[in-house]
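Peer 1: Can you keep this structure in mind? I'll have questions shortly.
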Amino acid sequence: MGTTWSARIVNPPADCQPHVEAVLAAVIGEMSNWEAGSDISRFNRSPIGQWTRLPPAMMGVLRAGLSMARLSNGAFDPAIGGIVARWGFGPALAGGSATASVAPWTCIELNGDRARRTADVALDFSGIAKGYAVDAVAACLRSLGLPNFLVEIGGELRGEGVKPDIQPWWVDAEVPPGLDLPTLRVALCGLSMASSGDYRRYRMEGDRRLSHSIDPATGAPIAEGVAAVTVLHASAMLADAWATAITVLGADRGMALATRHNLAARLILRTETGAQEYMTPTLAAMLAD
């Protein structure tokens, strides 16, 4: 998936790592666009209109992605792979040549454990799969009888239980380079944190910063301004997807949506005078406790 992972586990058994690696290999085998033989790549190559049976985990992520698309009015779109690839932020995909004249996610239909494309769009789970993988690793560790751990995949985190010194898993939300802001430090106890931003994957065209975050409404990188979004949620998968949606919607619409859904979220906006921080009431109340 083009990123790294780590896990801090209290009193892990000697055979713990192979269990975690097996979980991650399964996620890659189902949901990585970088693997030609993955289930998602095969789906994107399937004939338009043909029903394809998907593995349960992948179908669960697809259902969650489509639900998030509805909640965010398409700001999060799990079928935006073709547009992402055209902007050079993903692998060249089979499928995905359709334009953004219609919302790509509306071209995906589900029926039980099967799915189909009704137009030439391509699934891309880059805004949700890392979070799902964090949840899957956490479930694996719990199944091994390990209640105390911190899992991180590509900057998405989940903490459960406590450290050996009985302290919680304290983590700091990353601040974009060059911006001066107070540190957001959170105790992850049965809680996940996901972030999205314009400083991790981007390229410069002249003086313009082109973010890897694509606005499905325009079919182009988001307008400059949103430097980072951090979301806290019980589900790392949903935190990941919400962070993407809020980033695309921007400071006003994104934080209004987060507030309506009682999300714990922070947005950092680049302005001519420096960084401006936005925080939802839910996050402010959490930090005040």
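Peer 1: So which of Asp135, Asp39, Asp77, Asp113 is in contact with a helix residue (DSSP H, G or I) (Cβ under 8 Å, 6 or more places away or on another chain), under 30 Å from Lys163 (Cβ atoms), charged (D, E, K, R) and at pLDDT 95 or above? Can you show your working first?
Peer 2: Details: Asp39 fails: under 30 Å from Lys163 (Cβ atoms); Asp77 fails: under 30 Å from Lys163 (Cβ atoms); Asp113 fails: under 30 Å from Lys163 (Cβ atoms).
Matching residue, one of Asp135, Asp39, Asp77, Asp113: Asp135.
Peer 1: If a residue has to be at pLDDT below 90 and charged (D, E, K, R) to count, how many in the range 171-187 make the cut?
Peer 2: Looking only at that region, the number is 2.
Peer 1: Here is a further query. Residues that are in contact with a strand residue (DSSP E or B) (Cβ under 9 Å, 6 or more places away or on another chain) and touching a residue at least 60 places away in the same chain (Cβ under 8 Å), at least 3 per element: which strands (runs of 3 or more DSSP E) completely within the range 101-200 meet that? Write out each step before concluding.
Peer 2: Values: elements: 108-111, 114-117, 149-153, 156-160, 170-172, 185-187, 191-197.
By residue number, 114-117, 149-153, 156-160, 191-197.
Peer 1: Assuming Gln50 fulfils every condition listed in (1) in contact with a strand residue (DSSP E or B) (Cβ under 8 Å, 6 or more places away or on another chain); (2) part of a loop (DSSP other than H, G, I, E, B); (3) at pLDDT 95 or above; (4) buried (at least 20 other Cβ atoms within 10 Å of the Cβ) apart from one, which condition is it?
Peer 2: Unmet for Gln50, out of (1) in contact with a strand residue (DSSP E or B) (Cβ under 8 Å, 6 or more places away or on another chain); (2) part of a loop (DSSP other than H, G, I, E, B); (3) at pLDDT 95 or above; (4) buried (at least 20 other Cβ atoms within 10 Å of the Cβ): (4).
Peer 1: Restricting to the range 27-47, name every residue that is surrounded by fewer than 20 Cβ atoms within 10 Å (Cβ to Cβ), assigned to a helix (DSSP H, G or I) and free of Cβ contacts under 8 Å to residues at least 40 places away in the same chain. Step through it out loud before you land on a result.
Peer 2: To start, the set of residues in the range 27-47 that are surrounded by fewer than 20 Cβ atoms within 10 Å (Cβ to Cβ) comprises 28-29, 34-38, 42, 45-47.
Then drop every residue that is not assigned to a helix (DSSP H, G or I), which leaves 28-29, 42, 45.
Result: Ile28, Gly29, Arg42.
Peer 1: Just a yes or no: is a residue in the range 1-8 touching a residue at least 12 places away in the same chain (Cβ under 8 Å), of a type in the set (Lys, Arg), in contact with a Leu (Cβ under 7 Å, 6 or more places away or on another chain) and farther than 13 Å from Leu123 by Cα? Before you say what the answer is, go through the steps one by one.
Peer 2: Step one: of the range 1-8, the residues touching a residue at least 12 places away in the same chain (Cβ under 8 Å) are 1-8.
Right, trim to of a type in the set (Lys, Arg) and you get 8.
With the extra rule that they be in contact with a Leu (Cβ under 7 Å, 6 or more places away or on another chain), the set shrinks to 8.
Add one more test, that the residue is farther than 13 Å from Leu123 by Cα, and what stays is 8.
Yes.
Peer 1: With (1) acidic (Asp, Glu); (2) surrounded by 17 or more Cβ atoms within 10 Å (Cβ to Cβ); (3) at pLDDT 90 or above as the list, and Asp215 as the residue in question, which single condition is left unmet?
Peer 2: (3)
Peer 1: Continuing with the same structure: Can you name the residue in the range 1-47 that is among the small types (Gly, Ala, Ser) and in contact with a strand residue (DSSP E or B) (Cβ under 8 Å, 6 or more places away or on another chain) and, of all such residues, is nearest to Ile108 (Cα to Cα)? Steps first, please.
Peer 2: So the first thing to find is which residues in the range 1-47 are among the small types (Gly, Ala, Ser), and the list is 2, 6-7, 14, 22, 25-26, 29, 32, 36-38, 41, 46.
Still in the running and in contact with a strand residue (DSSP E or B) (Cβ under 8 Å, 6 or more places away or on another chain): 6-7, 46.
Details: Ser6: 34, Ala7: 35, Ser46: 12 Å.
For the range 1-47, the residue satisfying everything is Ser46.
The values are calculated or read from the model by the stated rules, or taken from the named source; none is laboratory data. Remember, predicted model here, so these are calculated numbers, not experimental data. We place every Cβ from the backbone using ideal geometry, glycine too, and count neighbours over all the protein chains shown.
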